[in-house]
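Structure, as structure tokens:
Read-outs throughout are calculated quantities, based only on the coordinates presented, and are distinct from any laboratory measurement. Values in this document were obtained by computation on a predicted structure and should not be read as measured data. Using ideal geometry, Cβ is built from the backbone for each residue, glycine included, and neighbour counts are taken over all protein chains shown.
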Amino acid sequence: MRLTTKGRFAVTAMIDLALRQQSGPVTLAKISERQSISLSYLERLFGRWRRHELVESTRGPGGGYSLARLARHITVADIIFAVDEPLDATKCGGKGDCEVDEQGNRIQCMTHELWATLSRKMVDYLDSVSLQDLVDQQRMRQLEASVRQQQKTQSVSAPIRTQQATC
């Protein structure tokens with residue numbers, strides 16, 4: 001079981017939007033440029049999110065996309081499920097017919113419950129993480145990077161003092 005590129009791109013694009021929407025609608029072209037995600041791919045993702053009422057669009061000059069709800073009311077599970085990304089660790093896609101018996105009947109594999117439980121726990125976890133949580137984490141990382149850069153700049157620009165030898 002793995003999260004596909006679609007799921008990763010979906011979460012990344014929504015974080016980008018949430019980080020920048022306070023200045024007004026965000027264009028897909030800018031998200032595409034910043035995140036190196038194809039513009040046509042973003043158009044498909046945002047179309048699905050619009051249908052699920054996660055984002056809203058503004059047409060015309062200065063137009064773009066913004067969140068349709070507060071970031072704290074959008075979960076990672078909402079983002080992923082809206083783009084039809086499956087989160088299922090079972091071999092059968094949750095149907096319970098993972099294997100074939102000697103008579104050719106579809107049956108449940110011996111580890112089906114293990115993988116079904118893992119799938120439920122993944123969904124529960126992703127449903128517990130809000131877009132706002134991810135935005136806050138990203139802002140904290142940006143702040144920490146800024147502080148490190150300032151410290152680096154200050155240590156480079158500080159004059160080097162040498163002790164003079166005394167005789």
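Peptides 73-80, 21-28 ranked from most to least packed give 73-80, 21-28, packing being the mean of other C-beta atoms within 10 angstrom over each peptide's residues. Near VAL76, once Lys and Arg are set to +1 and Asp and Glu to -1 for all other residues with Cβ below 13 Å from its Cβ, the sum equals -3. Computed extension length for ARG51-ARG120: 22.3 nm, one decimal, from 0.36 nm per residue of separation with the Cα-Cα distance subtracted.
For segment 9-78, the fraction of C-alpha pairs more than 21 angstrom apart is 13%.
Taken along the Cα-to-beta-carbon direction at a fixed 7 Å, the label points for GLN21 and ARG44 span 2.3 nm. Taking θ as phi - 60° and the Karplus parameters 6.51, -1.76 and 1.60, the scalar couplings of segment 71-79 work out to 4, 6, 9, 10, 9, 4, 4, 4, 4 Hz in sequence order, x denoting glycine and proline.
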